[in-house]
1. So TRP8 passes all but one of these: (1) hydrophobic (A, V, I, L, M, F, W, C); (2) open to solvent by 90 Å² or more (accessible area, probe 1.4 Å); (3) over 25 Å from TRP79 (Cβ atoms). Which condition number does it fail?
2. With within 26 Å of PHE207 (Cβ to Cβ) and of a type in the set (Lys, Arg) as the only criterion, which of LYS162, LYS123, LYS130, LYS142 stands out?
3. Enumerate the pairs (first residue in the stretch 55-67 and among the β-branched types (Val, Ile, Thr); second residue anywhere and assigned to a loop (DSSP other than H, G, I, E, B) and at pLDDT 95 or above) with beta-carbon separation below 6 Å, excluding pairs fewer than 6 apart on the same chain, so at least 6 apart or on different chains.
4. Could you list, in sequence order, all residues of the stretch 161-176 that are within 16 Å of ARG192 (Cα to Cα), of a type outside the set (Gly, Ala, Ser) and loosely packed, with under 15 Cβ neighbours inside 10 Å?
5. Just one of (1) surrounded by fewer than 12 Cβ atoms within 10 Å (Cβ to Cβ); (2) within 24 Å of the chain's Cα centre (by Cα); (3) of a type outside the set (Phe, Trp, Tyr) trips up ALA30, so point out which.
6. Tell me yes or no: at least one residue of the stretch 150-159 is within 29 Å of LEU128 (Cα to Cα), part of a loop (DSSP other than H, G, I, E, B) and open to solvent by less than 40 Å² (accessible area, probe 1.4 Å).
7. Take VAL121 and tell me if it is exposed (fewer than 15 other Cβ atoms within 10 Å of the Cβ), at negative phi, at pLDDT below 95 and of a type in the set (A, V, I, L, M, F, W, C).
8. Can you tell me how many residues in the stretch 60-87 are closer than 17 Å to VAL119 by Cα and at pLDDT 95 or above?
Amino acid sequence: LMVTPLYWRFKGAYSDRLTFFPFFSSTNTAFDGKHWDVMLFLLRKDVKNDYTRLSIIWPIIEITHSPELKYFRFAPLIWSKKGPEFSYFTIQPFYYQGKSVNRTTNRILWELFVHRNIVGVKKSNSVLWKVASWSSYSNGDKDFRVLHLLYANSNVEGKVEKSFFPLYYYARENNGNKSFSVMFYFYNSLTRKIPNTTEYYQEERIFWLL
């Protein structure tokens, strides 16, 4: 039955369609499941097997549910997803949390403060896009920095680095390489391993600018 342009009704063995434009429409097919909407975008719903999606003032609000997925959106402020491998929740732009099997990330005002936890490896924090950052590792290693080398106190995987720029800098690596300087390289000493040998090259310099 069709009364153009307002009303349509089609019914067959595998599908059933009804439209009362623009107030209401529904579709039910054997292949695509069920769909209905009110005022096109005011209220919408899709159902297929165990999957359900409900939209209110589409696309601003959406709620999705299935055995492996839960999703909620209230754009542009609130977003949430729970899946088998990755989940997140955010209130934009104030807070964000993301989780996977081996990693968790929390953000406050995006880069104002960030906390990351890599399970069994390390926990790290940063402020203002790594203006200051500090990390602790599961093996006891630690790393703390302000503006990377303005102040640094780091011992990670055998590499030691200490800095209070420009007054002091010291670094030591697993292979015996060392570097030490004071007063903006007024004094500097250097030790480097010579490749393919057990010997080292050493150098000391005072007031190297002159």
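1. Result: TRP8 passes all but (2).
2. Details: LYS123 fails: within 26 Å of PHE207 (Cβ to Cβ); LYS130 fails: within 26 Å of PHE207 (Cβ to Cβ); LYS142 fails: within 26 Å of PHE207 (Cβ to Cβ).
Exactly one residue qualifies, and that residue is LYS162.
3. Qualifying pairs under 6 Å: ILE60/ALA75.
4. Selection gives ASN174, ASN175.
5. Every condition holds for ALA30 apart from (2).
6. Step one: list which residues in the stretch 150-159 are within 29 Å of LEU128 (Cα to Cα), which gives 150-159.
From the residues that got through so far, the ones that are part of a loop (DSSP other than H, G, I, E, B) too are 150, 157-158.
From what is left, the residues that are open to solvent by less than 40 Å² (accessible area, probe 1.4 Å) are 158.
Yes - at least one qualifying residue is present in the stretch 150-159.
7. Here the answer is no, as VAL121 does not meet what is asked.
8. Residues flagged as closer than 17 Å to VAL119 by Cα and at pLDDT 95 or above within the stretch 60-87 amount to 2.
The values are calculated or read from the model by the stated rules, or taken from the named source; none is laboratory data. Since the model is a prediction, treat every value here as computed from it, not as a measurement. As a convention, Cβ positions derive from the backbone with ideal geometry for all residues, glycine included, and neighbour counts pool all protein chains shown. Areas reflect the complete protein model, heavy atoms only, side chains present, ligands, DNA and RNA absent. Shrake-Rupley method; radii C 1.70, N 1.55, O 1.52, S 1.80 Å.
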